Amino acid sequence: MRRLKSCFPLETGKWNSKIGALTLAGLLAFGGAASAFADENNEKVISSLQQQQTITVSGNVQDTQGMPVPGANIVIQGTTTGTITDMDGNYSLDAPENGTLVFSFIGFNTQVIPVEGRSTINVTLEEESLGLDEVVVTALGIKRETKKLGYGMTEVAGDEIASTNTVNPVQALQGKSTGLTIGASDGGLFGNSKIQIRGVSVMNSKNNQPIFVVDGVILDNNITDSSADWAASSNDFGNMLKNLNPDEYESVSVLKGAAATALYGSRGINGAVVITTKDGEGAKGIGVSVSQTVGIDHVYNTPDLQYEYGPGVMPGYIDYGEKDANDRYYRFDSQQFYLNSNGDPSFRSHPWGGGYGFGPKYDGRMVEHYDGEMRPYLPAKDNMLDAYDLGINSNTSVALKGGNEDGNFYLSHSYNYRNGTLPKNTFSRNATKFSGSYNLASWLRAEASISFTTSTPKNPQNDLAQQFATGGLNNLYDTERWKEREIYQASHGGVPSSAYGDKYAYVPGNSIWFSYNMNENVRKEQVTRPIVRLTADLSDWVSITAEGNMNHYTMEHELKQLGQGYANEGGYYELKHDRNVSRTGKLVANINGDITEDISTSVMLGGEIFDQEMSMTRAWTDGGLIVPGKFFLDNSKKTKLSEGRVYGTKQINSLYFLANFGWRDQLFLDITGRNDWSSSLVYTDGTGNYSYFYPSVSSSWIFTESFDTPSWMTFGKVRLSWAQVGNDTDPYNINKGYSVGNHQINESSFAYYNTRSTTSVDPDIKPERKNSFEAGLDLRMLQNRVGLDVTYYDETIENQIGNVPIPYESGVNELLTNVGTLNNSGLEISLKLTPVKTSNFNWTTTFNYWDNTTKITELHEDYGAYRVLGGYVDYGNFRIGSVAYEGGEYGVLMSDSKPKVWQSEDANDPRNGMKVLTWRDDWRGAYYTRSYEVEEVGKMQPDFEGSWDNSFSFKGLTLSVLLDARYGGHLASYANRYGTAYGWLETSLAGRDPQHGGVEWTSEYSDTEGRTYSDGVIPDGVFQEGQTVTAPNGSTVDVGGMTYQEAFDAGYVEPTHAGTHTYFNNSWGSGVVNDDWFEEVKYIALRNISVGYNLPKSIAQSIKAQNLYLAFNARNLGYLYNSMPNNLNPEGFRGTTSTESFLERSFMPYTASYTFTVKVDF
């Protein structure tokens, strides 16, 4: 079906005024609508009241201490008629005898009281809860009051995460917390999303993502590391997190600093996201909750493709079409068509294959299309949108809970199914959880839970969009016509080929559609997570808890590729199994008691054993399949191949403690300590620095409890913390052994060999160690109507473990040792305001700002000038790499492909800083010269990020609008580079005609004399020294040191044809870093809009329910501002590594998600 393009067109680097205006209007419209509704309702009520009998009602309003409340508001419900209390709290007003009065005052809970014919109504107002005693979940699942915490953290309600209806829970956290950097990446329907908390902590790892902890079980948060340089598709199946069920979430806590995560040990060095799931606690009797969500994923817009010019090669290379009197092609005339044997313009067997977009301008003339039929020469506009389907998703959830004074239980099941926007791209998940607790005795409590999830992600291939950018599917390609099976699959079963006379052999993209529709790439995953816990209360102040848990994760992967040759010759089959099992045993003692009346204390002592083992087996066919279309390993033409290994075996033994102290409920101190013994740091002889201890100290002071502060100051807290966290390395990393292998000489003979590692290991490697300092201020004013939270942190991570290059003459290539020190520092600000708060209407707005800078403060001298972290500084499709050097930021981007610039010894030379040009006589033009010197071109880290969240409520109706933003950090785009080079993107239009800035001239070269062109450009640059050109009069002229304009004015050169200039400035072999494809990322995203409505109780009760809730959610609706060239998706980077997320490959379209939910509680 045809996709509708966005009604909000976005001009690159410009404010999207339509989205901006509509968004801002939407933020105010709800309040206006609520007010209008109230006004209209008020008029009706007043009219009704005039017809009712009124009485005089009087009384007194006081607080819970018996003191009068002067200035309290008393209003007849549904009207603006009312009065206020006097200095003694007394009031009097006329009201309907069957009316209702609303009593309210700032700082107190509103009371709604029916008159019921009474003439005297006295009221006691209770102070409003300000959330100062809010309890949150911290490390190890410990519940703490936020006022007692000496570090910053954020807690998000589980329902907020579930409402976004995302497969990966990471995406749902976007914009919800300061210090939390999230990017969607190009992973697709179930792929990974990048998440980092407060920068990078480990230089030698690409994975700097936080751990996820579910009910105390730590889950690996693995990255996707598909190369943007060499892999067209990310083939991202996601990681374990997609198997989590958001319907089960009770709360999600984001733990940021080392003080917050110290008790998790080395696995928490990058932060932690702690998920607490629902259980039956507090349940009385039996309750049932049912929810149903249906939704769509709508591809509404694409980056900017050009639809003005069709297929054809650059000027200077045209070797088709008409000829002049000397039997020469008009090689500079981009309006030339390839002609068939009948002399008709044809694209059926174009000599350049349709891969370049510098051909004739579309004019509607009749041309021969790919199937031999004559049709008008017109662009297939929106053909990229037409390639995508409408994604459909559904989520059904049922939960049952119950309990009594002895115990409780919780049972839930959820089924999620999604059809993606690409062919055969689907995801399904079945998630079941059971938990229960029971008092075995008055002093002994048993708790157990098991979560069992199966999921089936299918066909993650996502290289379709880039085909439109780079010409595989050009702008003449009618997607709706050519993507049908009868086109891409010939009658013999394979892809159409001219060798067999197939009708559609010349239609581009046949192999692409064949691959998407005829292949199967499926992974079946299963996660089982049992937890058993036994708590014994030995006394009123001592308890002991024993716990055992396991996370058992298996994957079965099957890849079936149908042969694309004649009668499906070829083909491939692969079968793979992965297993990841982690087990943890814990024993914890809790001691609670007050030292004195003023000093409270609690102590936790614990120990745990963690072990993990991973294994994989993989087998695949070689040389094609014997019987086409039959997928089993013995169907391999050659000897089937296989591999397998056990890896990742690791054990960490730990002892830890947490001591809490409080003084008069205003000054708090936490002290923790943890010692880990890691098997990864044990050498084969049993030695090593495998034991490491790290402490933390955090404190908070509620100064508003210590001093008499102004009445407008509701709450004030200062917090300070210092912490250490240790870190080990990967299993087997410090114990390098031998490997064995074989080489097949012939069918029955093999040669066997072994190899030793070329990495030498430092015998005294120390564990990495993070030292973190954090200071924060939490202010709440005007009865919690204004809240400000500010945090500054500074972290130093020393003893970074890595490989240092050493001279080859030593017999090895590198040394594994401690290589340097990182430093993270940043500022986080959260401002929360409640501009409007009445008995019926509430508006809360939250502004979040955060920045982080990761620097290399120390780096091993043997790295030389820099260490490459990711990418390539002097090779590949980008020739840009992220690097580390002492004194610089982590992820500085460097390249050998900056344009070379003129620099003379004369500082006053006006040519200094101008780009140097290289001339080509064969196509009579110039392009910018690569410097071939590795230089800094940008950086990976953003300058800052932010979000703006608005929540409105009116009676049972709620509305929330979330925007988030990023400013800074660069993105290198494969699609923009080669889409510009090959002529298919809007940036490739520059100079092609006068409408796009092209220069018109009449050529004086002998072979083109008298011909007029209008696609000229005068490059802004200076010719390199010694550059010679063949002038229009045939002479050879040295133009070295002349600007192009000067050489043109002198008659030595003519304008360069724009298409060829564009191509060579961006091509693989000669392209330079430029603004067409390398740009700083700046965007403001309209991330989420949700509307919810709790229907009146009377309606719910009519179906025997306690609550009936309706909700609508819209996500990823567009960008108010986007700095990227060609309106490129600014979040479409490849993979989720910390080293290469500045590279883009996939040319992602824009997809918005809409869901509708019905939830019923019985």
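The values are calculated or read from the model by the stated rules, or taken from the named source; none is laboratory data. As the structure is a computational prediction, the values presented were derived from the model and not from experiment. Heads up, the Cβs are rebuilt from the backbone with ideal geometry, glycines too, and the neighbour counts pull from every protein chain shown.
In the condition set (1) free of Cβ contacts under 8 Å to residues at least 60 places away in the same chain; (2) over 30 Å from VAL288 (Cβ atoms), LEU390 is compliant with all but (1). Would you say ILE652 is surrounded by fewer than 18 Cβ atoms within 10 Å (Cβ to Cβ), of a type in the set (A, V, I, L, M) and either in contact with a helix residue (DSSP H, G or I) (Cβ under 6 Å, 6 or more places away or on another chain) or part of a strand (DSSP E or B) (or both)? So ILE652 does not fit the description; no.
Which residue is farthest from GLY802 (Cα to Cα), if the candidates are limited to segment 859-884 and must be touching a strand residue (DSSP E or B) at 6+ places or on another chain (Cβ under 6 Å) and surrounded by fewer than 18 Cβ atoms within 10 Å (Cβ to Cβ)? Among those residues, the one meeting the criterion is TYR872.
Yes or no, residue by residue, for (1) out of contact with any helix residue (DSSP H, G or I) (no Cβ under 6 Å at 6 or more places or on another chain); (2) of a type in the set (S, T, N, Q); (3) modelled with pLDDT under 95:
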{"site": "GLN461", "(1), (2), (3)": "yes, yes, yes"}
{"site": "ASN474", "(1), (2), (3)": "yes, yes, no"}
{"site": "GLU486", "(1), (2), (3)": "yes, no, no"}
{"site": "ASN510", "(1), (2), (3)": "no, yes, no"}
{"site": "VAL522", "(1), (2), (3)": "yes, no, no"}
{"site": "GLY548", "(1), (2), (3)": "yes, no, no"}
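The strands (runs of 3 or more DSSP E) found entirely in segment 899-995 that carry 2 or more residues being more than 30 Å from LEU833 (Cβ to Cβ) and in contact (Cβ under 8 Å) with a residue 60 or more places away in the chain are 916-920, 925-928, 935-939, 957-973.
Taken together, the residues in segment 93-130 that are among the aromatic types (Phe, Trp, Tyr) and not in a strand (DSSP E or B) amount to 1.
Of the candidates TYR438, TYR388, TYR377, the single residue that is surrounded by fewer than 16 Cβ atoms within 10 Å (Cβ to Cβ) and of a type outside the set (Asp, Glu) is TYR438. The selection criterion, being within 26 Å of the chain's Cα centre (by Cα), over 30 Å from ASP159 (Cα atoms) and in contact (Cβ under 8 Å) with a residue 12 or more places away in the chain, does not hold for SER334. Taking the criterion of being crowded, with 16+ Cβ neighbours inside 10 Å and either of a type in the set (Asp, Glu) or closer than 21 Å to ASP1075 by Cα (or both), the residues of segment 997-1022 that qualify are GLY998, ASP1015, GLY1016, VAL1017, ILE1018, PRO1019, GLY1021, VAL1022.
One residue alone among ALA1111, ALA1152, ALA1100 is more than 22 Å from ASP382 (Cα to Cα), in contact (Cβ under 8 Å) with a residue 60 or more places away in the chain, hydrophobic (A, V, I, L, M, F, W, C) and surrounded by fewer than 19 Cβ atoms within 10 Å (Cβ to Cβ), and that residue is ALA1100.
One residue stands out in segment 1029-1048 among those that are assigned to a helix (DSSP H, G or I) and buried (at least 21 other Cβ atoms within 10 Å of the Cβ): the one that is farthest from the chain's Cα centre (by Cα), namely ALA1047. Can you tell me which condition VAL901 does not meet? The list is (1) within 18 Å of SER1070 (Cβ to Cβ); (2) buried (at least 18 other Cβ atoms within 10 Å of the Cβ), and all the others hold. Failed condition: (2).
Pairs linking a residue in segment 407-426 that is over 30 Å from ASP389 (Cβ atoms) to a residue that is surrounded by fewer than 19 Cβ atoms within 10 Å (Cβ to Cβ) and β-branched (Val, Ile, Thr), with Cβ atoms under 9 Å and 6 or more positions apart or on different chains, are LEU411/VAL398; LEU411/THR432; SER412/VAL398; SER412/THR432. All of SER636, SER680 fail the test of being surrounded by 18 or more Cβ atoms within 10 Å (Cβ to Cβ), at pLDDT 95 or above and in contact with an Asp or Glu (Cβ under 7 Å, 6 or more places away or on another chain), apart from SER636.
Residues that are closer than 29 Å to GLY938 by Cβ, aliphatic (A, V, I, L, M) and either modelled with pLDDT of 95 or more or surrounded by 17 or more Cβ atoms within 10 Å (Cβ to Cβ) (or both) do not occur anywhere in segment 832-853. Among the residues of segment 753-770, are any of a type in the set (Phe, Trp, Tyr), more than 22 Å from VAL202 (Cα to Cα), assigned to a strand (DSSP E or B) and not assigned by TED's automatic domain parsing to the domain that holds ASN208? Yes: segment 753-770 contains one or more residues that are of a type in the set (Phe, Trp, Tyr), more than 22 Å from VAL202 (Cα to Cα), assigned to a strand (DSSP E or B) and not assigned by TED's automatic domain parsing to the domain that holds ASN208.
Just to be sure, is VAL646 aliphatic (A, V, I, L, M), part of a loop (DSSP other than H, G, I, E, B) and surrounded by fewer than 17 Cβ atoms within 10 Å (Cβ to Cβ)? It is false that VAL646 is aliphatic (A, V, I, L, M), part of a loop (DSSP other than H, G, I, E, B) and surrounded by fewer than 17 Cβ atoms within 10 Å (Cβ to Cβ). Out of segment 1059-1097, which residues are touching a residue at least 12 places away in the same chain (Cβ under 8 Å), surrounded by fewer than 20 Cβ atoms within 10 Å (Cβ to Cβ), more than 22 Å from GLY1132 (Cβ to Cβ) and of a type outside the set (A, V, I, L, M, F, W, C)? Across segment 1059-1097, the qualifying residues are SER1067, SER1070, GLY1092, TYR1093, ASN1094, PRO1096. For segment 858-893, residues that are assigned to a strand (DSSP E or B) and farther than 29 Å from ARG1134 by Cβ total 1. For segment 246-258, a residue qualifies if it is assigned to a helix (DSSP H, G or I), in contact with a helix residue (DSSP H, G or I) (Cβ under 6 Å, 6 or more places away or on another chain) and of a type in the set (Asp, Glu), and exactly one does: ASP247. With respect to the conditions (1) touching a Gly at 6+ places or on another chain (Cβ under 7 Å); (2) surrounded by fewer than 20 Cβ atoms within 10 Å (Cβ to Cβ), ASP297 lacks only one, and its number is (2).
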